[in-house]
Amino acid sequence: MNLSEYLKTEIVRQDLSVRRAADHIGISHVTLLRILSGETPNLETLHKLSDWTHSDLAFLLQLLGYEIETSHAEMDRLARLIEYNPTYRRLFNLVDKLGPEELEFAVDYLEYLTWRLGGQGSKEGVPDRAGGQSEEDDLAEVSQHAGPEPMSL
């Protein structure tokens, strides 16, 4: 995948026209059209694309064909988890389809589950049960955001 293909995928995923996407990014639609046709953006535009896609600048540079060496232990660990564990692969494929608000909701819910199950999750943002929200309310809220039920074969 190259930068042009990646941006086209993002535009489709967010259901935007090129003009609307350019407005969201903060560049002209002509500039975006040039990038989509394969031109290399300048660093300022690349930074705006990084912000819009919530992607690391190094990742976008790699999509442009630059070899970037990273020494991030977290990225190496995530790569191994995704490569060797089908459940993590499914999780990250689903996470990749979420927009910023849905992603924030998913993280909050995972933190709640971790806390609820007695793990090490942050209690920040966890609803106060004494305040009246029940587990049934939580499940109803999750099902509103979850989309259609998966089909079983």
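The values are calculated or read from the model by the stated rules, or taken from the named source; none is laboratory data. Computed from a predicted model, the values in this text were never measured in an experiment. Neighbour counts are summed over all protein chains in view; Cβ atoms, including those assigned to glycine, are modelled from backbone coordinates with ideal geometry.
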Quiz item: Which condition does T53 not pass, out of (1) free of Cβ contacts under 8 Å to residues at least 40 places away in the same chain; (2) under 15 Å from the mean Cα position of the chain (by Cα), if it passes all the others?
Solution: (1)
Quiz item: Of (1) assigned by TED's automatic domain parsing to the domain that holds L110; (2) under 20 Å from the mean Cα position of the chain (by Cα), Y84 satisfies all except one. Which?
Solution: (2)
Quiz item: In the range 17-33, how many residues are in contact with a Lys or Arg (Cβ under 8 Å, 6 or more places away or on another chain) and either free of Cβ contacts under 8 Å to residues at least 24 places away in the same chain or not hydrophobic (A, V, I, L, M, F, W, C) (or both)?
Solution: 3
Quiz item: What pairs come up if the first residue lies in the range 1-16 and is aromatic (F, W, Y), the second is in a helix (DSSP H, G or I), and their beta carbons are under 7 Å apart, counting only those six or more places apart or on different chains?
Solution: Y6/L63
Practice problem: Run N93 past the list (1) surrounded by fewer than 11 Cβ atoms within 10 Å (Cβ to Cβ); (2) touching a Phe, Trp or Tyr at 6+ places or on another chain (Cβ under 8 Å); (3) polar (S, T, N, Q) and report the number of the one that doesn't hold. | Solution: (2)
Practice problem: Having 1 or more residues that are among the charged types (D, E, K, R) and on the phi < 0 side of the Ramachandran plot is the bar; report the helices (runs of 4 or more DSSP H) wholly within the range 1-116 that clear it. | Solution: 3-13, 18-25, 29-36, 43-53, 73-84, 86-96, 100-116
